[in-house]
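The values are calculated or read from the model by the stated rules, or taken from the named source; none is laboratory data. This one's a predicted model, so the numbers in the text were calculated from it and none came from an experiment. Glycine gets a Cβ as well: all are built from the backbone with ideal geometry, and neighbour counts include every protein chain shown. Calculation scope for accessible area: heavy atoms of the full protein, side chains included, ligands and nucleic acids excluded. Shrake-Rupley method; radii C 1.70, N 1.55, O 1.52, S 1.80 Å.
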Amino acid sequence: MLLDTAPRRSGVLDALHRIGALARHNLIIRLRDPGQMISYVAMPMVLMLVLKPLYVRALDQGAAQVATGLMVMFSVFAISMAGNAILSERTWRTWDRLRASRAPASELLIGKTLPLFAVMIAQQVILIVYGCLAIGLPVPPSPPLVLLAIVIWAFALLSLGAALATLVRSHGELSVITDVGALTLSALGGALVPLSIMPGWAQTAAHASPGYYALDMMQAAVRGDAAGIAPSAAVLLALGLAAGAFAARRLARGWGRGGLL
């Protein structure tokens, strides 16, 4: 039994070493160009302040709607960061070099997206804290529940961004899809206007939007409703796993080669 477990332990350590090297490299790249990260934190802060009076007067839970809605919306915009992290390697013609290394596609995917995972979690935590301090969002009775919801949503977004990066052929195409998609999915999900006052067709279409489940999960987490987050969390986890598996399969089969651009 000892002979069987030693190679596995060594293999795991090797994998962690490769993932760590990729993650450190991508973290350095991200820190050298933080403009996109800063904008996805600063813009919702400004919009929360501007829109707060309107939401508070129009809705009973106006502070919760504006804080969680804008947080979900601008976290969806962050899909482009995940997509660009992979697409940049293709445009730099360095992706084939990574694929030639000992790291399998799953390790490459984790190493590329792990720093962004931390960035997305930090973005949403900052906006929740800001909502409590400046917007009047009630302090969540269960912060670990809110953190769990944030982690699940960040995982789903990263997986979607990675899958999208294996399909598009240029940064311009990625930008169009992510910008239009973020607005559409967020609006349909009730991030801007509560679902209850949207047209009937929009209420029906909302169930096809990841933003709907993210907002439902986040609002339940802010209320401290552990049972309430379960259905939406299950949908987002399934979506994230499916998108992540799709991205890993595309990359493993060479469908993400730089030569395709």
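Counting the residues of region 151-171 that are of a type in the set (A, V, I, L, M), surrounded by fewer than 16 Cβ atoms within 10 Å (Cβ to Cβ) and farther than 30 Å from residue 60 by Cβ gives 1.
Residue-by-condition table, conditions (1) farther than 23 Å from residue 248 by Cβ; (2) modelled with pLDDT under 80; (3) β-branched (Val, Ile, Thr):
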| residue | (1), (2), (3) |
| --- | --- |
| 2 | yes, yes, no |
| 13 | no, yes, no |
| 26 | no, yes, no |
| 49 | yes, no, no |
| 55 | yes, no, no |
| 66 | yes, no, yes |
| 83 | no, yes, no |
| 93 | no, yes, no |
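Please work out which residue is modelled with the lowest pLDDT, limiting yourself to region 233-252 and to residues that are out of contact with any Pro (no Cβ under 8 Å at 6 or more places or on another chain) and within 16 Å of residue 107 (Cβ to Cβ). This residue is 251. For residue 232, the stated conditions hold: it is open to solvent by less than 50 Å² (accessible area, probe 1.4 Å), over 20 Å from residue 164 (Cα atoms) and not hydrophobic (A, V, I, L, M, F, W, C).
Go over the candidates 125, 119, 76, 129 one by one and state the one that is open to solvent by 10 Å² or more (accessible area, probe 1.4 Å), at pLDDT 80 or above and closer than 14 Å to residue 158 by Cβ. Show your work before the answer.
Details: 125 fails: closer than 14 Å to residue 158 by Cβ; 76 fails: open to solvent by 10 Å² or more (accessible area, probe 1.4 Å); 129 fails: closer than 14 Å to residue 158 by Cβ.
Of the residues listed, the single one that is open to solvent by 10 Å² or more (accessible area, probe 1.4 Å), at pLDDT 80 or above and closer than 14 Å to residue 158 by Cβ is 119.
Consider region 105-116 and keep the residues that are of a type in the set (Gly, Ala, Ser) and in contact with a Leu (Cβ under 7 Å, 6 or more places away or on another chain). The one that is modelled with the lowest pLDDT is 105. When 174, 185, 148 are checked against the criterion of being over 24 Å from residue 54 (Cα atoms), in contact (Cβ under 8 Å) with a residue 12 or more places away in the chain and buried (at least 19 other Cβ atoms within 10 Å of the Cβ), 174 stands alone in meeting it.
The numbered conditions (1) at pLDDT 85 or above; (2) of a type outside the set (A, V, I, L, M, F, W, C); (3) buried (at least 19 other Cβ atoms within 10 Å of the Cβ) are all true for residue 62 except (1).
Just one of the numbered conditions (1) free of Cβ contacts under 8 Å to residues at least 40 places away in the same chain; (2) assigned to a helix (DSSP H, G or I) is not true of residue 60: (2).
Checking residue 102 against (1) modelled with pLDDT under 85; (2) part of a helix (DSSP H, G or I); (3) open to solvent by 50 Å² or more (accessible area, probe 1.4 Å), only one condition comes out false. Which one? Checking residue 102 against (1) modelled with pLDDT under 85; (2) part of a helix (DSSP H, G or I); (3) open to solvent by 50 Å² or more (accessible area, probe 1.4 Å), the one that fails is (2).
Scan region 244-253 for residues that are surrounded by fewer than 22 Cβ atoms within 10 Å (Cβ to Cβ) and in a helix (DSSP H, G or I) and jot them down.
Pass one, region 244-253, residues surrounded by fewer than 22 Cβ atoms within 10 Å (Cβ to Cβ): 244-246, 248-250, 252-253.
Once the filter is applied, which keeps residues that are surrounded by fewer than 22 Cβ atoms within 10 Å (Cβ to Cβ) and in a helix (DSSP H, G or I), region 244-253 yields 244, 245, 246, 248, 249, 250, 252.
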